[in-house]
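Computed from the coordinates by the stated procedures, all read-outs in this text should not be read as laboratory data. Every value quoted in this text rests on a predicted model; they were computed, and no experiment measured them. Quick reminder, even Gly has a Cβ in these numbers, built from the backbone with ideal geometry, and neighbours come from all protein chains shown.
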Amino acid sequence: MSTLQNKVAVITGGNSGIGYATAEEFISRGAKVIITGRNRTAVEAAAATLGNGTLGITADQGRITEASRLAGEVEATYGKVDVLFVNAGIGAFVPVDQVTEAQFDETMNINFKGAFFTVQKFLPLLNDGASIILLSSVNAFTGMPGSSVYSASKAALNSLGRTLSRELASRKIRVNVVNPGPIVTPILAKAGLDEDGIKAFHKKFSERIPLSRPGESSEVAKLVAFLASSDASFITGAEYNIDGGLTIHELVG
Ligand SMILES: NC(=O)c1ccc[n+]([C@@H]2O[C@H](COP(=O)([O-])OP(=O)(O)OC[C@H]3O[C@@H](n4cnc5c(N)ncnc54)[C@H](OP(=O)(O)O)[C@@H]3O)[C@@H](O)[C@H]2O)c1
């Protein structure tokens, strides 16, 4: 198992789903973890449950001033950072003719603009040799109806990862992108689907996924932990699909 012993790791959106599972995985590998989220009660409860000195900081990734404050608070506690996992994001799925400007701005502000400026504000804190992981989606390069804004916000992240892998290479900072397929997390409920809608969503995808099931947050967490560790020391500018084979096109059979 890749070690993260004594590494300082920041996870945005760490109170739930993939971010929370990654916090658990990082801690099990010896990291000191800072999680963020929008809701103070949820962030503090998650940090307390994670234990091991996990720091929970409330910060809205959709606001640049909060990214600056977050970086300042992390610097005040830990000084430097070894791993930045930019994971916070929202899903909003509506047909293109129903997308409002407010929905467009919210998704772009959190999923892309906020991710961009989170990386920017943390750059002075990152140790040379640090690892940045951006959480995108297979939606970044597929055409799921109803996902126009979400998919574009994620595609922008993949582009950012490629550019930053070269811009930051002189500091030996590695930048990689993870593209999950359907993973069981609270994100669909937050996007407005009821229990039946969520079951139908996962059933529909499971029929198309070669491994016949949605993924678990813990499975994504293990990939992120590998990319965060020195076992991935020659990997930068890469992107990894973790989707049970969903995006392998079925031509025949
Ligand atoms: N689940 C999937 O099938 C799937 C597939 C591909 C990609 N992804 C991506 O995976 C990432 C994690 O999602 P998830 O599935 O684990 O869903 P989740 O359980 O809803 O987790 C998202 C996390 O991000 C936080 N967050 C959302 N907006 C934020 C903001 N403005 N500022 C700070 N934190 C914010 C959430 O906090 P709150 O509790 O406040 O909402 C939560 O902690 C997202 O970027 C998502 O797009 C998910």
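Considering only Cα-Cα distances, which of the following residue pairs are longer than 18 Å: Lys121/Lys222; Lys7/Lys80; Lys113/Lys154; Lys154/Lys222; Lys32/Lys222; Lys80/Lys121?
Lys121/Lys222; Lys154/Lys222
Binned at 5 Å from 0, what are the whole-percent values of the Cα-Cα distance distribution for the chain, short to long?
For the chain, the binned pair fractions read 1, 6, 14, 18, 21, 17, 12, 7, 3, 1, 0, 0 percent.
For the chain, what does the helix formula give at 222 nm: sum of -39500 (n - 2.57) over DSSP H segments with n ≥ 4, over the residue count, nearest 500 deg cm²/dmol?
-12500 deg cm²/dmol
Note down the relative contact order for the stretch 8-240 as a percent, whole number, built from C-alpha pairs under 8 angstrom at least six residues apart.
On the way: 441 pairs, mean separation 48.5, N = 233.
Here the relative contact order equals 21 percent.
Does the stretch 139-253 come out rounded, prolate or oblate by the C-alpha gyration tensor, with a ≥ b ≥ c the root eigenvalues, rounded set by a/c under 1.5 and, if not, prolate when a/b is larger than b/c and oblate if not? Could the numbers behind the result be given before it?
Numbers: a/c = 1.91, a/b = 1.79, b/c = 1.07.
Verdict is prolate for the stretch 139-253.
Please tell me the relative contact order of the stretch 109-253 in percent, rounded to the nearest whole number, where contacts are Cα pairs under 8 Å and at least six residues apart. List each step's numbers first, then the result.
Numbers: 196 pairs, mean separation 41.0, N = 145.
RCO, the stretch 109-253: 28 percent.
Over the chain, with a Gaussian network built from C-alpha contacts below 10 Å, which listed residue (Ala156, Ala59, Ala76) shows the highest mean-square fluctuation?
Its mean-square fluctuation being the largest, the pick is Ala76.
Assuming a ≥ b ≥ c are the square roots of the Cα gyration tensor eigenvalues, decide whether the stretch 207-253 counts as rounded (a/c under 1.5), prolate (otherwise, with a/b larger than b/c) or oblate.
Oblate, because a/c is 1.5 or more while a/b does not exceed b/c.
Which trypsin sites (Lys or Arg not before Pro) from the stretch 102-172 combine a DSSP loop assignment with at most 16 other Cβ atoms within 10 Å?
On the way: sites: Lys113, Lys121, Lys154, Arg162, Arg166, Arg171, Lys172; in loops: Lys172.
Answer in residue order: Lys172.
Rounding to the nearest 20 debye, state how big the charge dipole of the chain is about its Cα centre with +1 on each Lys and Arg Cβ and -1 on each Asp and Glu Cβ.
560 debye
Below 8 Å, C-alpha to C-alpha, sequence gap of six or more: please give me the relative contact order for the stretch 29-109 in percent.
Values: 65 pairs, mean separation 18.8, N = 81.
Relative contact order, the stretch 29-109: 23 percent.
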